[in-house]
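One structure is given below, encoded as structure tokens.
Where a number appears in this text, it was derived from the coordinates with a stated rule and is not lab data. Quick caveat, the model's predicted, so the values are computed rather than measured. Note: ideal-geometry Cβ built from the backbone for every residue, glycine included; neighbour counts use all protein chains shown.
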Amino acid sequence: MATVAFIGLGNMGGPMATNLVKAGHQVTVFDLSAAACEQLRAAGAAVAESALAAATGAEYVLSMLPAGKHVAATYLGEDGLLARLDPSTTVLDCSTIDAATARRVGEAASALGIGFMDTPVSGGVAAAAAGTLAFMCGGSAATFDKARLILADMGKNIFHAGPAGAGQVAKGCNNMLLAIHMIGTCEALEMGARNGLDPAVLSEIMLASSGRNWSLEVYNPYPGVMPNAPASNAYKPGFMVDLMVKDLGLALEIAEQSDFDNPMGQLAQALYSQHQQAGNGQLDFSSILRKLQGAAGQS
Ligand code: NAD
């Protein structure tokens with residue numbers, strides 16, 4: 001069992017840190033929110049006064065923070081954690097952030113002899129609580145070997161994508177594709193429905209045909225087709241439109257920085273942004289069906 005510092009105890013970080021406690025690790029946590037810290041104290045973690053106090057002496061430092069600026073502020077610069085940590089520490093940032101910041105933190109860690117990986121996750125709050133997240137890791141092979149010992153207590157699929165930043169690139173590629181096939185699935189189902197087909201029957205047909213995809217198979221966006229999907233529960237998330245817009249923004253940054261034109265990703269980002277601006281940010285991302293229905297004059 002290891003000594004672990006966990007920084008950022010929100011919707012995702014809270015249950016992830018709880019799973020590390022349950023697995024028997026000695027976990028010390030820090031979050032700007034006292035309430036979030038108290039929840040982890042109740043779950044059996046120690047609470048520190050600062051990120052530095054949590055991280056000092058830990059074998060692993062994990063973070064689950066909102067965006068790149070929070071990660072940079074936590075790790076970089078004279079007051080950042082990297083400058084204070086023992087080189088034997090393994091640092092795993094599970095946040096979804098821009099690949100450029102992940103590379104920057106990776107380079108700074110490497111210059112100090114500290115093992116760093118960006119380890120963003122696929123799977124939402126339910127997967128975080130169930131310990132079934134997928135981790136996409138960017139960093140050295142040696143750090144990956146250490147990382148998987150801890151990540152295995154929070155997830156079930158752990159991939160080594162490449163060097164620092166590669167985890168964020170993999171996540172950007174995946175979520176861009178997710179947005180695109182969700183929109184495509186909504187379009188196909190709505191077109192069928194407007195031509196008299198039952199969306200449940202059409203779904204069965206496409207699931208047995210070449211249109212089969214994850215959105216159709218486990219997350220059907222048409223209300224009533226799949227009782228447990230957000231679509232059948234008034235689009236209660238699930239995975240919020242706000243987070244999809246954030247992830248598509250990161251994917252577009254990756255494309256831009258690699259001088260790559262991604263028309264489908266750009267269109268998905270435009271559609272999700274419009275949907276968000278119309279007040280749907282807190283709905284599940286499969287609610288993009290409503291936008292398509294409205295755009296064609298129906299709701
Ligand atoms: P959240 O807003 O619920 O939690 C973020 C936590 O970080 C908050 O408790 C906040 O107080 C804390 N925090 C912010 N700055 C801090 C600092 N400097 N020091 C210590 N604590 C600080 O967000 P979340 O939903 O848990 O998401 C966290 C990350 O996981 C994001 O990068 C998000 O994109 C990613 N993610 C979220 C989901 C999801 O479904 N929620 C799924 C996959 C990935």
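You can think of it this way: the chain between residue 132 and residue 267 has 45.5 nm of extra reach, that is 0.36 nm per residue less the Cα-Cα gap. Between the alpha-carbon centres of the range 175-253 and the range 49-124 there is a gap of 35 Å. Plainly put, the chain has a radius of gyration that is 1.01 times its Kirkwood radius, both from alpha-carbon atoms, as the Rg/Rh ratio.
Using the Cβ-Cβ distance between residue 209 and residue 32 with R0 set to 45 Å, the FRET efficiency works out to roughly 0.35.
For the chain, what is the relative contact order in percent, using Cα pairs closer than 8 Å and at least 6 residues apart in sequence?
On the way: 574 pairs, mean separation 37.1, N = 299.
RCO, the chain: 12 percent.
Take the Cβ-Cβ distance between residue 112 and residue 46 as r, set R0 to 30 Å, and report the resulting FRET efficiency rounded to the nearest 0.05. Walk me through the numbers before you get to the answer.
On the way: r = 26 Å, r/R0 = 0.86.
Efficiency, rounded to the nearest 0.05: 0.70.
Annotation: the range 218-292 has a Kirkwood hydrodynamic radius of 12.8 angstrom, from the mean reciprocal C-alpha pair distance. Taking other residues whose beta carbon is less than 14 angstrom from the beta carbon of residue 293, and scoring Lys, Arg as +1 and Asp, Glu as -1, yields +1. Quick one: angle between helix 263-275 and the longest Cα principal axis of the chain, in degrees between 0 and 90, rounded to 10, please. Long axis of 263-275 versus the principal axis of the chain: about 90 degrees. Against the compact-protein benchmark of 2.2 N^0.38 Å, the Cα-based radius of gyration of the range 14-100 scales to 1.05.
Restricting to bridges with both residues inside the chain, how much of the DSSP beta-bridge set is antiparallel, in percent to the nearest 5?
Values: 4 of 29 bridges.
If I count the DSSP bridges inside the chain, around 15 percent turn out antiparallel.
Helix 141-151 and the longest principal axis of the C-alpha atoms of the chain enclose an angle of approximately 70°.
Within the straight-line cut-off of under 18 Å between alpha carbons, the lysines reachable from residue 156 are 22, 146, 171, sequence neighbours fewer than 8 places apart in one chain being disregarded.
If packing is taken as the average number of other Cβ atoms within 10 Å across a peptide's residues, how do 116-129, 209-222 rank, most packed first?
Working: 116-129: 22.9, 209-222: 17.0.
In decreasing order of mean packing, 116-129, 209-222 become 116-129, 209-222.
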